[in-house]
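Structure, as structure tokens:
The values are calculated or read from the model by the stated rules, or taken from the named source; none is laboratory data. Please read these numbers as outputs of a predicted model, since none were measured by experiment. Glycine gets a Cβ as well: all are built from the backbone with ideal geometry, and neighbour counts include every protein chain shown. Just the protein is used for accessible areas: all its heavy atoms, side chains included, with ligands, DNA and RNA removed. Shrake-Rupley method; radii C 1.70, N 1.55, O 1.52, S 1.80 Å.
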Amino acid sequence: MIQGWGFHFKQLRLVKNQELDGLGRIEEAVWRKAFYEPYTLGKQFLLKAGKLETHSGILKAHLYSGVAFYSQLLELVIASSHHQTGNLKSLKDTGRKEGPSEDSEDSHADTIHRIHLYLGDIYRYLYGLGVLSAHSLAIDHYLEALETIPENGLPHNQLAALFSEENNGLTTIYHYMACMSSKTKFEGGEKNLAAKAEEVAATKFQANLQDSQLERLLIGFSLVSSTFMGIKTNQDISQLCQFTLKDLHEILKAPKQMDQERDERTDLSPEILIQMAAMCCFVLHKNSTKKKDFDSQLALAFCLAYLSELLDGILREISDIMPEIPTEIPKPVPAKTKSRRRRQRRLSLEREESSGSEVESELESESSESDSSSDFELEESDSESESKNIILKEYQKSQLAARIQNSSFAAPLSLMCFFLHRLEQTVSGTGPGALPLWFRLTKLANALKEVATAPENGKSLSEDWFLSPVLGQIQTSCFSDDFKLRINRIRSFVKLLSVLPDTGVTFDVGSGYFFSKEKPDEIKPEERKLDEDKARTMATMWLKSEVSALENQLVSASCLVVDTSVMLKQLRIIIKLSKRFIIVVPTAVIGQLDRAKKHNPDAREAIRWLEQEFQRGSRSVRPQRHGARKSLPAVKYPKRKEKMAWSFYQILECCLYLKETMGSENSEVTLLIGESVPTFSSQLPGKSPQGLCASIGVTLKTAQDFIKATEPSNVEK
């Protein structure tokens, strides 16, 4: 400890003497010997002795001394850098490119960066010891470190530890991805991302049991993004992409509301949408240098599908005030000839008046007056109509600007467009599957034409910070008129599309509108084979209404509910039936299998199969949803201590709920059991299992009888 404080004083003396070149060589040793090792060793010792709660004050006092030391050191370094450069703000804003000596400024910026990291770590340790206020202070110092050197990925790695439980791990996954995408990578970032991905994958099974769509989305998006960053997970990535995008589509389309039972939002906050957009940009950045194989094309398709959902969201918000947009390039309008026709008419009248009689002259005079008055009335009517159109146009313009400014989709959408603008080669290789996306994007760009302004170079938006590991230093001094800059970014990207080949987008300079085709032209036979895999990969990612229609058809068909005995004795038959029917596994059955797995190998096999089906997001094998039960009417329940009979009644409650919520007269709920006479029949109060099922309209059959009665030739062997 004394040796560590000797390093303290040596550091302070070096700073006072402005010998910053020697500071970096001993700084790491000071941190390790004076703070990191005393804290870690002391915490391990107290934990082993069981005295951490009572003696944690010793560790806190030592850490607070580190706060005092590094705060003073930071002030001295800032004062020294300000003395040499004359402008500390320019040092932080431009990185390390100004000042009299590049090496000296490198030392200043690096030292400030490291000190903020040390202070962030100290506050993070204090938060781990129960000092709740230290959490926000740790975040502040890590963010200051990123502002000083945004290309360094270590602060993102440390921030990930602070957000380990936020948004079901999505925020942590984002920071680890940012760490991997930084120019100066932290070596342990990839391992940390892999460990977190494993942890998130383990929670996916529980999220399926609870049937929380928002949790499934956050977990699925994290796993998909981690996989595309090169982290291996035991997931069917193509199927997981489709299910994740389906959950995203339903959540974004549903009205915003609160889950009263859990007291949490069921929609996505603007910050989460921006984080997801940044994660897609990291995936695109990672795969932009790879060869075009199936995985890279799938990653591109997933990211564009997320962009498509953002685009649909903002189009829904402005659909009622969309201005009229021409569908074809307007043809040049010939010049007006109204005044010329009026002059010719007056000349002809003068000739007739000079050669005709007095009566004819009077009639022509009256006719001329009436014509002139009608012309005046027509001009006045056109003026009023034009005035009304101007007022309506200004109203639409102001409303459109307000909608865009308040939209939670504008920031992530413009961020992705801004980043895609940097990846011309990637965008040009999207193929015909992206034409519907570009078509809708041109519709938005044309609608925003009236509120667009000239782009302001050199300015950044607040959401750009999420891409700072890739973009580098962000100029964040001015955020005025954010929505106008976002609009310009969207239109600028569409302008790029009009230049790239095979995007189907053109730009008319005269009208200022973009024009696009929604469907590809007829592909030549020799070109069809080259684009077949790419088009198929892109097409699988677009969410179609047929998917929902197919699911509704499956729900309205027969539904099979399994009990514990059939899962233990007839698992092979259940696996075959899952190819044709929806299998619902009640929560009571999962609990019984979990209790039996210690002494029953059949229970372990059944659990492994269920975990595999739930983790890959199978739509034919589903767990009972949280709260999906309905009490049996006018039925006496058994006692709880009679566990088998009580569990059977819980299964019947699940069956009754399914029967009443399926909503189709042709739908049928069948309870499959593994034995014709259940062993717990004697425990049922007053009724047999067959009688109980018949009273609620549920069919009770053994798995063997059911498979014999349902076209055995169609069952896969």
So, in the range 158-176, of the ones that are polar (S, T, N, Q) and under 26 Å from Ile115 (Cβ atoms), which residue ends up surrounded by the fewest Cβ atoms within 10 Å (Cβ to Cβ)?
Ser164
Filter result for the condition that a residue is modelled with pLDDT under 85 and part of a helix (DSSP H, G or I), over Ser682, Ser667, Ser647, Ser676:
Ser682
Within the range 629-644, which residues are at pLDDT 85 or above and either among the small types (Gly, Ala, Ser) or open to solvent by less than 20 Å² (accessible area, probe 1.4 Å) (or both)?
Ser631, Leu632
Taking into account only those residues within the range 177-201 that are under 14 Å from Met229 (Cβ atoms) and in contact (Cβ under 8 Å) with a residue 40 or more places away in the chain, which is most open to solvent (accessible area, probe 1.4 Å)?
Glu190
I'd like the residue in the range 603-615 that is over 32 Å from the mean Cα position of the chain (by Cα) and not acidic (Asp, Glu) and, out of all such residues, is most open to solvent (accessible area, probe 1.4 Å).
Arg604
Can you name the residue in the range 426-478 that is at pLDDT below 80 and either touching a strand residue (DSSP E or B) at 6+ places or on another chain (Cβ under 9 Å) or part of a helix (DSSP H, G or I) (or both) and is also surrounded by the most Cβ atoms within 10 Å (Cβ to Cβ) among such residues?
Gly433
Under the condition of being of a type in the set (A, V, I, L, M) and more than 18 Å from Ala401 (Cβ to Cβ), which residue from the range 411-425 is surrounded by the fewest Cβ atoms within 10 Å (Cβ to Cβ)?
Leu423
Checked the range 124-153 for anything surrounded by 22 or more Cβ atoms within 10 Å (Cβ to Cβ) and either touching a strand residue (DSSP E or B) at 6+ places or on another chain (Cβ under 8 Å) or assigned to a loop (DSSP other than H, G, I, E, B) (or both); matches are Ala145, Leu146, Ile149, Pro150, Asn152, Gly153
Test set (1) in a loop (DSSP other than H, G, I, E, B); (2) touching an Asp or Glu at 6+ places or on another chain (Cβ under 8 Å); (3) open to solvent by less than 60 Å² (accessible area, probe 1.4 Å) - Arg619 fails condition number:
(3)
Which one of these does Asn600 not meet: (1) within 20 Å of Ile673 (Cα to Cα); (2) surrounded by 17 or more Cβ atoms within 10 Å (Cβ to Cβ); (3) not charged (D, E, K, R)?
(2)
When you look at Tyr637, is it part of a loop (DSSP other than H, G, I, E, B) and of a type in the set (Phe, Trp, Tyr), yes or no?
yes
Give the residue, chosen from Glu199, Glu261, that is assigned to a helix (DSSP H, G or I) and at pLDDT below 90.
Glu199
Can you confirm whether Ile583 is part of a strand (DSSP E or B), hydrophobic (A, V, I, L, M, F, W, C) and either touching a residue at least 12 places away in the same chain (Cβ under 8 Å) or out of contact with any Leu (no Cβ under 6 Å at 6 or more places or on another chain) (or both)?
yes
